[in-house]
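Student: Dropping the structure in here first, questions after.
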Amino acid sequence: MNSTTRRHIPAAMLALITVMMSCCMLLGAAAPAHAMEAVKCTGRPNSDDDPTIIMGATQSRITFEASVEEGEGVTQFVLHVPDGTEFNTDDLAVTLLTGDDLMTRTEVPYTETVEGQDIVLDFDEPIMQAGHLNIIVYDVLFPTEGGDMQVGASYTTSDGSADGTAIEGIPTIPVQGISKTEQLSQWLGEQPWVQAWNSNRFLRLFFDPTILVTSFPVVLSGFFMSIAIVAVAFPLAIPLGLLLALMRLSKFPLWRGIATTYVNIVRGTPLFLQIYVAFFGLPLAGLNIPNFPLGVIVMFMNSGAYMCEIFRAGIQSISAGQSEAARSLGMTRAQTMLYVVLPQMFRVVIPNLTSEFILLYKDTSLLAAVGIMELVMYARTIVASTGSITPYIVAALFYLVITLPLSKLTRILEDRSRPKRGRRRRIAQANAAAEAAKAAKAAANTAKEA
Amino acid sequence: MIITRRQFIPLAAGAAAAAFGIAGCSNDTAATTGSTPADTGSAAETSGDGEMTLFEEGKLTFATSPDYPPFENLEDGEYVGLDMDLGRAVAEYLGLECVYTNIDFDGIIPAIVAGGQADAGLSGISITPEREEQVLFSDPYYIDNQAVAVMSDNTAITEENASEALNADTVTIAVQSGSTGADFAAENFPNAKQLPFPNFTDAFAAVQAGKADAVCGNKAVVDQMLAGAYSDEHTVLTSATGEEYAIAVSKDNPALVDAINEAIAALTEDGTLDEIIAKNMG
């Protein structure tokens, strides 16, 4: 807007000179008035899906602004609201923005009349001050089918230089057709049972059907984001956790020291803080990573530390006899670990890894704090604009869709790995021992061949 | 409405609390009446309709998100700022103790609707038609505008080209989620990407960190932030949106709005409001 005024200054001066010159020759001749110019014309976005989309048949607002030159003397202004658009002038706001930065609000007393789609403003006093005439129309409902909406405007000045002169070059407002979910939501809002349901404050706040349907597709996109983060972070965390676990079990104090420090720091501080440090700290250190990979990195580095402990416990749970047997068969430490301990360990830790997956999935919600558009952040933006908790409930459903089946799976796996009868355990032990011996023999053979 | 047994208990509890609230309120206003003779008429009126319910007896609890200087901010654990001073003045006028409770900005309106957290929301909340569907607003106490700031060394977005340069798909604008700044950015710069933060301070930090190109929000706050911790950012665009800040109250509590309106009117009358604004905006 500033730029517009600035552009006007040379134009205004030029006009002034012309006026003075013509005045000398033709006394009283009307100067070619510096006409009002459209500065902006926007509609308020009203879609939950995309914060910049304006939908038809849904509450919106039109903001129109046009420049007025010094001494123009505007007496009447007509704003033509696009055909097929409903509006209400109860909250109509008409202000003249003045001053160098156009930040001073000047009241311009007026009387309004509505003629069809025209809002006619008759100003009590002609507007002589330079500035921007700002008009905000509330309760605007654009046509259902959408399209490019053209707002029209014309004005009349006291000196007669403009009489219903139309203002050119008003930007159109792009309006999209109403979305399916919004349509469903509005239909639901008219149903008596929904109204009865919503008359209960608890139900309205937590389970408002009209918000349930509109927030579902929005939160769904957050669901994919959360899943994508976990889908990348979790597989990456497994090798990290394993590496850390092996380092912690290493004979070398340096490896042990590094791994122990890392694990203790990560497990000893809240993930929330780690997210903040990574999000605001790394860019300052010259590492500017986009949001998604950054989210993945924080999640996998955090999860790696927890997995380290799972793996370490898993490795230690494999009886020492196993590795002693393998070592006595001539396997190296690495071979023992790779062929004997780790295969058994993985079977033991699967239930724990599944719980870790669930935790990691739920923890992605913390990324909302730094604006990563995951499940909770999407829900949160709708909560902020509607003031209803319902989107959070929708988000909760999306968490449960993943966590409930996985918890069930964990239980099944735990039951399976915990033998109920002694006989089975003996058989399992015998099998494991036989397997270990077989693996050891195979390894020894390959070692010999090599 | 048919009351099931499950609903009855909270309802009964609510009614009991309401009863206490009324008692507490009228006692306190009576006390005020005694001490400040000038307020006699108005205070009597408040206790007269006697339906004002308070979450905690004798206390006026405001929900606020103290990340919005100069309106609300925490300094050494103290709530400071224009809103905070106003809240204390309103509570004092009504003869109540002023209590602040910390809720993220986007959670304040739901908290007021749900009840049980606070009596009123006082956190630089602009009046919008959407919010008016959820809560009642007091009379406005401050009028604010929108501003957009970028890093001072940003040569791509300057004061001269801001209105066009900001509306590009390569630009990311940091906003506070659910704020009028987010709406303003979406309406005026639809091509730009938006990065919403629950906490407004983080939006400024994001610009520092290079996570966003610009930050958009209420002008008074942007000015204050730039004057303080973020002096290496500068304002490139301002727009006189004329948003009216008001106190949000539950629709079930119209008497409280009346009482607050009365307090605001009195504080405007005796110049206290102007003093508070001058003190915090200076």
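The values are calculated or read from the model by the stated rules, or taken from the named source; none is laboratory data. Nothing here was measured: the structure is a model prediction, and the numbers come from that model. All Cβ positions, glycine included, derive from the backbone under ideal geometry; neighbour counts span all protein chains shown. When the accessible area is computed, the model is the full protein with side chains, heavy atoms only, and any ligands, DNA or RNA have been set aside. Shrake-Rupley method; radii C 1.70, N 1.55, O 1.52, S 1.80 Å.
Student: Checking the condition of a type in the set (S, T, N, Q) and over 23 Å from A:Glu374 (Cβ atoms), which residue from A:Ser250, A:Ser303 passes?
Tutor: Details: A:Ser303 fails: over 23 Å from A:Glu374 (Cβ atoms).
A:Ser250 is the lone residue from the list that is of a type in the set (S, T, N, Q) and over 23 Å from A:Glu374 (Cβ atoms).
Student: Working carefully through the options A:Val78, A:Val114, find the one that is surrounded by fewer than 16 Cβ atoms within 10 Å (Cβ to Cβ) and in a strand (DSSP E or B).
Tutor: Details: A:Val78 fails: surrounded by fewer than 16 Cβ atoms within 10 Å (Cβ to Cβ).
From the options A:Val78, A:Val114, the qualifying one is A:Val114.
Student: So how many residues does segment B:143-152 have that are within 20 Å of B:Thr201 (Cα to Cα) and surrounded by fewer than 16 Cβ atoms within 10 Å (Cβ to Cβ)? Walk me through it before giving the result.
Tutor: So in segment B:143-152, the residues within 20 Å of B:Thr201 (Cα to Cα) come out as B:144-152.
Remaining after also requiring surrounded by fewer than 16 Cβ atoms within 10 Å (Cβ to Cβ): B:152.
Result for segment B:143-152: 1.
Student: So, in segment A:45-75, of the ones that are part of a strand (DSSP E or B) and charged (D, E, K, R), which residue ends up nearest to A:Ile170 (Cα to Cα)? Can you show your working first?
Tutor: Taking segment A:45-75 and keeping what is part of a strand (DSSP E or B), we get A:55, A:59-68, A:74-75.
Restricting the remaining residues to those that are charged (D, E, K, R) gives A:61, A:65.
Values: A:Arg61: 16, A:Glu65: 9 Å.
The residue in question is A:Glu65.
Student: Still on this structure, I have one more. Being open to solvent by 30 Å² or more (accessible area, probe 1.4 Å) and in contact with a Lys or Arg (Cβ under 9 Å, 6 or more places away or on another chain) narrows it down to one residue among B:Val113, B:Val80, B:Val99; which is it? Walk me through how you get there before you give the answer.
Tutor: Numbers: B:Val113 fails: open to solvent by 30 Å² or more (accessible area, probe 1.4 Å); B:Val80 fails: in contact with a Lys or Arg (Cβ under 9 Å, 6 or more places away or on another chain).
Of the residues listed, the single one that is open to solvent by 30 Å² or more (accessible area, probe 1.4 Å) and in contact with a Lys or Arg (Cβ under 9 Å, 6 or more places away or on another chain) is B:Val99.
Student: Looking only at segment B:120-141, which residues are more than 13 Å from chain A (Cβ to nearest Cβ) and either farther than 21 Å from B:Ala185 by Cβ or out of contact with any strand residue (DSSP E or B) (no Cβ under 7 Å at 6 or more places or on another chain) (or both)?
Tutor: B:Ala120, B:Leu122, B:Ser138, B:Asp139, B:Tyr141, listed by residue number.
Student: Restricting to segment A:193-249, and then to whatever is among the charged types (D, E, K, R) and open to solvent by 20 Å² or more (accessible area, probe 1.4 Å), can you tell me which residue is farthest from the other protein chains (Cβ to nearest Cβ)? Walk me through how you get there before you give the answer.
Tutor: In the first step, residues of segment A:193-249 are kept if they are among the charged types (D, E, K, R); the result is A:201, A:204, A:208, A:248.
If we keep only those that are open to solvent by 20 Å² or more (accessible area, probe 1.4 Å) too, we end up with A:201, A:204, A:248.
Values: A:Arg201: 8, A:Arg204: 8, A:Arg248: 33 Å.
Across segment A:193-249, the extreme among qualifying residues is A:Arg248.
Student: Please enumerate the residues belonging to segment A:405-419 that are surrounded by 14 or more Cβ atoms within 10 Å (Cβ to Cβ) and modelled with pLDDT under 85.
Tutor: Answer for segment A:405-419, where residues must be surrounded by 14 or more Cβ atoms within 10 Å (Cβ to Cβ) and modelled with pLDDT under 85: A:Leu413, A:Glu414, A:Pro419.
Results for (1) within 20 Å of B:Ser163 (Cβ to Cβ); (2) in contact with a Phe, Trp or Tyr (Cβ under 8 Å, 6 or more places away or on another chain), shown as yes or no for each residue.
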residue: B:Ala185; (1), (2): yes, no
residue: B:Asn191; (1), (2): yes, no
residue: B:Ala206; (1), (2): no, yes
residue: B:Ala214; (1), (2): yes, no
residue: B:Lys219; (1), (2): yes, no
residue: B:Ala227; (1), (2): no, no
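Student: B:Arg88 versus (1) more than 30 Å from A:Tyr392 (Cβ to Cβ); (2) crowded, with 24+ Cβ neighbours inside 10 Å: which is the lone unmet condition?
Tutor: That leaves (2) as the condition not met.
Student: Determine if segment B:158-177 includes at least one residue that is more than 9 Å from chain A (Cβ to nearest Cβ), over 24 Å from A:Pro174 (Cα atoms) and either acidic (Asp, Glu) or surrounded by fewer than 22 Cβ atoms within 10 Å (Cβ to Cβ) (or both).
Tutor: Within segment B:158-177 (the criterion being more than 9 Å from chain A (Cβ to nearest Cβ), over 24 Å from A:Pro174 (Cα atoms) and either acidic (Asp, Glu) or surrounded by fewer than 22 Cβ atoms within 10 Å (Cβ to Cβ) (or both)), the answer is yes, since at least one residue qualifies.
Student: From the list B:Ser177, B:Ser250, which one is at pLDDT 90 or above, of a type in the set (Ser, Thr, Tyr) and closer than 19 Å to A:Val383 by Cα? Even if it seems obvious, please write down each step before you answer.
Tutor: On the way: B:Ser177 fails: at pLDDT 90 or above.
Going through B:Ser177, B:Ser250 in turn, just one is at pLDDT 90 or above, of a type in the set (Ser, Thr, Tyr) and closer than 19 Å to A:Val383 by Cα: B:Ser250.
Student: Check off (1) outside any helix (DSSP H, G or I); (2) away from chain B (no Cβ under 14 Å) for A:Ile258 and give me the number that stays unchecked.
Tutor: Of (1) outside any helix (DSSP H, G or I); (2) away from chain B (no Cβ under 14 Å), only one is false for A:Ile258: (1).
Student: Looking only at segment A:361-387, count every residue that is assigned to a loop (DSSP other than H, G, I, E, B) and at the interface with chain B (Cβ under 7 Å from one of its Cβ atoms) and tell me the total.
Tutor: To start, the set of residues in segment A:361-387 that are assigned to a loop (DSSP other than H, G, I, E, B) comprises A:371-374, A:387.
After this cut, where a residue has to be at the interface with chain B (Cβ under 7 Å from one of its Cβ atoms) as well, the list is A:371, A:387.
Result for segment A:361-387: 2.
Student: Of the residues in segment A:257-300, how many are surrounded by 15 or more Cβ atoms within 10 Å (Cβ to Cβ) and within 23 Å of the chain's Cα centre (by Cα)?
Tutor: Qualifying residue count, segment A:257-300: 19.
Student: Would it be correct to say that B:Gly121 is under 28 Å from A:Ala93 (Cα atoms), open to solvent by less than 10 Å² (accessible area, probe 1.4 Å) and in contact (Cβ under 8 Å) with a residue 60 or more places away in the chain?
Tutor: Values: under 28 Å from A:Ala93 (Cα atoms): yes; open to solvent by less than 10 Å² (accessible area, probe 1.4 Å): yes; in contact (Cβ under 8 Å) with a residue 60 or more places away in the chain: yes.
So B:Gly121 fits the description; yes.
Student: Okay, next question. Of all the residues that make up segment A:155-181, how many are open to solvent by 30 Å² or more (accessible area, probe 1.4 Å) and not polar (S, T, N, Q)? Talk me through it step by step, then tell me what you get.
Tutor: In the first step, residues of segment A:155-181 are kept if they are open to solvent by 30 Å² or more (accessible area, probe 1.4 Å); the result is A:158-161, A:163-166, A:168-169, A:171-172, A:174, A:176-177, A:180-181.
Subset that is not polar (S, T, N, Q): A:159-160, A:163-164, A:166, A:168-169, A:171, A:174, A:177, A:180.
Residues that pass the stated criteria total 11.
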